[in-house]
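Written out below as structure tokens is the structure these notes cover.
Readers should treat all values here as calculations from the given coordinates under stated rules, not as data from a laboratory. What you see is a predicted model, and the numbers here were worked out from it, not measured in a lab.
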Amino acid sequence: MTAGFDLGMQKAGRGVARLVVRPEHLNFLEVTHGGVVFGVAVAAARDLTDGRLFDCHLLLTGRSGLGDTLLATATLVTEGRTLSGVRVEVRRDDGRLVGVLQGELIRGSR
């Protein structure tokens, strides 16, 4: 476990990261900070392939809070020799979509 993330749960070509939301993950509105959602999404992307994520954006679509489990699942949408496109969905344990990250990976740059 790293910074609260469970990593190394890669399944059938998908990168996966999981995080149980703790008090330190909340913002002043007592919902999960956007940076935490971004972090778990990036962790899933890094679990997927040996690349460096760049040129990415996160669309926050739902709320999560204390005690929720966030599950991020990354998939490659395009795959080239040096660049790959990645999409990561972050969902609560009840299946509600919390955020979607899309970006590019420079392959083999770890």
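Below are the figures for this structure:
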read-out	value
Integer Hz, Karplus 6.51/-1.76/1.60 couplings in order for the range 77-85, x for Gly and Pro	9, 9, 9, x, 5, 10, 10, 9, x
Angle in degrees between helix 34-48 and the longest Cα principal axis of the chain, rounded to the nearest 10	40 degrees
